[in-house]
Amino acid sequence: MKQDEFFMKEAIRLSREAARHGNEPFGAVLVRDGQIVHTNENQIYSRHDFTAHAELGLIQAFCAETGVTDLHEYTLYSSCEPCFMCSGAMVWARLGRLVYGASDLELCSLLSSRGSPCSRIVFEHSHYSPQVTPGVLRAESLEVLREYFSAHGKH
Ligand SMILES: [Zn+2]
């Protein structure tokens with residue numbers, strides 16, 4: 001669990017960087033054998049691409065750069081629960097394990113908007129599911145989201 005917190009801290013640091021770069025505060029880290037192999041942050045505004053989420057972009061870039069097409073030996077740390085799209089990418093990439101901080105329901109309750117247990121819905125209805133560890137450094141993850149969305153409003 002110590003290791004999960006270490007890598008989650010990095011994902012949360014990247015979420016702050018994303019906000020500093022004018023994007024929404026989400027970060028992701030890919031780990032294999034206790035080593036970070038790739039990182040990414042949300043880039044929706046800087047790339048004018050509303051699919052440029054941290055997790056999807058990380059999977060696309062890592063697989064394209066390395067030729068790896070099966071992530072069953074990898075763990076992805078996400079500062080917040082992955083959305084339907086990114087959870088779908090995790091299914092297609094056969095990700096071994098997912099660790100996230102705040103859940104989508106916790107984020108949406110901050111925003112007074114409607115959330116869902118999105119990653120669980122995708123995984124339960126797919127042919128494959130990673131192992132999932134939710135809620136790692138939840139409070140720290142939520143604090144970054146609260147700071148950002150209270151200043152910027154929700155989209
Ligand atoms: Zn996403």
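Can residue 132 be described as closer than 21 Å to residue 11 by Cα and surrounded by 12 or more Cβ atoms within 10 Å (Cβ to Cβ)? Answer is yes for this residue.
One residue alone among 22, 34 is under 23 Å from residue 148 (Cβ atoms) and open to solvent by 10 Å² or more (accessible area, probe 1.4 Å), and that residue is 22.
For segment 58-78, the condition of being surrounded by fewer than 22 Cβ atoms within 10 Å (Cβ to Cβ), within 16 Å of the ligand (Cβ to nearest atom) and within 21 Å of residue 141 (Cβ to Cβ) holds for none of the residues.
For residue 92, the conditions (1) crowded, with 22+ Cβ neighbours inside 10 Å; (2) more than 25 Å from residue 5 (Cβ to Cβ) are fulfilled apart from (1). Restricted to helices (runs of 4 or more DSSP H) entirely inside segment 67-155, those with at least 1 residues that are touching a strand residue (DSSP E or B) at 6+ places or on another chain (Cβ under 8 Å), in contact (Cβ under 8 Å) with a residue 24 or more places away in the chain and acidic (Asp, Glu) are 104-110, 138-152. Residue 19: hydrophobic (A, V, I, L, M, F, W, C), more than 13 Å from the chain's Cα centre (by Cα), over 26 Å from residue 2 (Cβ atoms) and within 15 Å of the ligand (Cβ to nearest atom), yes or no? Criteria not met by residue 19.
Within segment 102-121, the only residue that satisfies the criterion of being of a type in the set (Gly, Ala, Ser), open to solvent by less than 50 Å² (accessible area, probe 1.4 Å) and within 12 Å of residue 146 (Cα to Cα) is 102. Being without any contact (Cβ under 8 Å) to a residue 40 or more places away in the chain, touching a Pro at 6+ places or on another chain (Cβ under 9 Å) and not in a strand (DSSP E or B) is the filter here; which residues of segment 18-44 pass it? The answer is 18, 42. Of the listed requirements (1) under 14 Å from the mean Cα position of the chain (by Cα); (2) at positive phi; (3) of a type outside the set (A, V, I, L, M), residue 94 misses just one: (1).
The values are calculated or read from the model by the stated rules, or taken from the named source; none is laboratory data. Nothing here was measured: the structure is a model prediction, and the numbers come from that model. Counting neighbours? That spans all protein chains shown, and the Cβs are built from the backbone with ideal geometry, glycine included. Note: accessible area is taken over every heavy atom of the protein model, side chains too, but ligands, DNA and RNA are not part of it. Shrake-Rupley method; radii C 1.70, N 1.55, O 1.52, S 1.80 Å.
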